Amino acid sequence: MAKASAIANANIALVKYWGKRNKELMLPQTGSISMTTEGLNAHTTVEFDPKYREDILILNGKEYGKGDEEYDDYVGLFLKVVREKYPEKAKDLKVKIVSNNNFPTAAGLASSAAGFAALAAAVNEALKLGLREKELSMLARRGSGSATRSIHAGFVEWHRGENEDGSDCYAEQLFPPEHWPEFRLVIAVTTKKDKKVKSRAGMSQSVANSPYYKAWRDDVIPKHIETIRKALGEKDFKALGEAAETNALMMHAVAIATTPPVIYWNAGTMDIVHAVMDWRDQGLECYFTIDGGPQVKVLCLEKDSKEIAKRIRGFPNIEDIIITRPGQGVKITKEHLF
Ligand code: 2P0
């Protein structure tokens, strides 16, 4: 029976990925660095079996298939890659996939990263592909770029690579979770609604016409990758926070300057952005980062995380607060969802 399950955690970028150089192979314009979270996960079960006449996808309790965007543009494309790469294992078999996230889907909490990391690992196990971490991260990339980073635990760098076939484009761990166990992200969820512009569409438009794209790719990213790698190594919280916050603002500057504009922030987002800057002026060590959605992730250390969560709770427009730390990479589990 070709059935397997995997659990993968979402990751939050400290140096952001915003733009592809090859959409089919999902090759990024730049490298990026992230932290894999603990407890914000996707749990996915797959079963390849002749009894299925079509691929079936059940995502958070809702069924999708051909004709639905979730299937056609995401899981369907990924399965096509799997069937083309491993025809002897998968070509003639349909699959049932059931996946549940324990956090808001498509609202800038990297649900596609956790989802495709779990899916790639479950497919690897079910079809006995024998992929090790590096190859697994390259397979996950074909589902969603940021998924390549969720394969690994702790602090992770996704290498841009140079080769046109993507053979040197994968993620690897920079530091394990134990390197900096006090590191925290306090996530202020300002809405649980789906975002209007998917990252995929937004970043594609930014590459095409944002006047700031070239500076982002050629000047900003190389500098921030160096700074953040070094700050992580030295556990220099100030240097890390400053660079991560600037990187997020610059990514959003690129996005906002795109035609049509890609604006992910809402009123709650701005409340927390200003608050974090004020708290910092008052001596509380914290910085923010924001992804392709309105949630604000506050970078801090364990000693300040409860106080920061308490202060965030005092704002209107906050639907939820999640505290997370450096977490584990993808894991195979015997707990099947069907
Ligand atoms: C990141 N984001 O580095 C950045 C920051 C959004 C903002 O990775 O098209 O969902 O599936 O490769 O991976 C979101 O992009 O896009 C993302 P695809 P993905 O975390």
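The values are calculated or read from the model by the stated rules, or taken from the named source; none is laboratory data. Note that the structure is a prediction, hence the values are computed from the model and not measured. Neighbour counts run over all protein chains shown; Cβ positions are idealised from the backbone, glycine included. Surface areas here come from the heavy atoms of the whole protein model, side chains and all, with no ligands, DNA or RNA. Shrake-Rupley method; radii C 1.70, N 1.55, O 1.52, S 1.80 Å.
Go through the stretch 55-81 and give me each residue that's touching a strand residue (DSSP E or B) at 6+ places or on another chain (Cβ under 9 Å) and among the β-branched types (Val, Ile, Thr).
The answer is ILE56, ILE58, VAL75.
Testing LYS214 on (1) within 20 Å of MET251 (Cα to Cα); (2) open to solvent by less than 50 Å² (accessible area, probe 1.4 Å), one condition comes back false. Which one is that?
Here LYS214 meets the rest and fails (2).
I'd like to check which strands (runs of 3 or more DSSP E) are fully inside the stretch 126-201 and have at least 2 residues that are within 14 Å of the ligand (Cβ to nearest atom).
Of the strands (runs of 3 or more DSSP E) lying wholly inside the stretch 126-201, those with at least 2 residues that are within 14 Å of the ligand (Cβ to nearest atom) span 155-158, 183-189.
Do you know which of the residues in the stretch 24-67 that are within 12 Å of the ligand (Cβ to nearest atom) and not in a strand (DSSP E or B) is most open to solvent (accessible area, probe 1.4 Å)?
Looking at the filtered set, the residue picked out is GLU24.
Select, from ILE151, ILE228, ILE187, the only residue that is more than 29 Å from MET270 (Cα to Cα) and either open to solvent by 50 Å² or more (accessible area, probe 1.4 Å) or of a type in the set (Val, Ile, Thr) (or both).
Answer to the selection: ILE151.
With (1) over 22 Å from LYS331 (Cα atoms); (2) under 21 Å from the mean Cα position of the chain (by Cα) as the list, and ASN41 as the residue in question, which single condition is left unmet?
(1)
Would you be able to say whether some residue in the stretch 313-330 is free of Cβ contacts under 8 Å to residues at least 40 places away in the same chain and either in contact with a Lys or Arg (Cβ under 8 Å, 6 or more places away or on another chain) or of a type in the set (S, T, N, Q) (or both)?
No, the stretch 313-330 contains no residue that is free of Cβ contacts under 8 Å to residues at least 40 places away in the same chain and either in contact with a Lys or Arg (Cβ under 8 Å, 6 or more places away or on another chain) or of a type in the set (S, T, N, Q) (or both).
Here is a list of conditions, (1) closer than 30 Å to VAL220 by Cβ; (2) surrounded by 13 or more Cβ atoms within 10 Å (Cβ to Cβ), and VAL81 meets all of them except one; can you say which number that is?
For VAL81, the exception is condition (1).
If PHE338 satisfies all but one of (1) farther than 28 Å from PHE175 by Cα; (2) touching a helix residue (DSSP H, G or I) at 6+ places or on another chain (Cβ under 9 Å); (3) open to solvent by 60 Å² or more (accessible area, probe 1.4 Å); (4) of a type in the set (A, V, I, L, M, F, W, C), what's the number of the condition it fails?
(2)
Hey, could you check the stretch 285-328 for residues that are among the small types (Gly, Ala, Ser) and open to solvent by less than 40 Å² (accessible area, probe 1.4 Å) and say which is farthest from ASN266 (Cα to Cα)?
GLY327
Among the residues of the stretch 97-104, is any within 14 Å of the ligand (Cβ to nearest atom), modelled with pLDDT under 95, within 27 Å of ILE322 (Cα to Cα) and open to solvent by 40 Å² or more (accessible area, probe 1.4 Å)?
Looking through the stretch 97-104, none of the residues is within 14 Å of the ligand (Cβ to nearest atom), modelled with pLDDT under 95, within 27 Å of ILE322 (Cα to Cα) and open to solvent by 40 Å² or more (accessible area, probe 1.4 Å).
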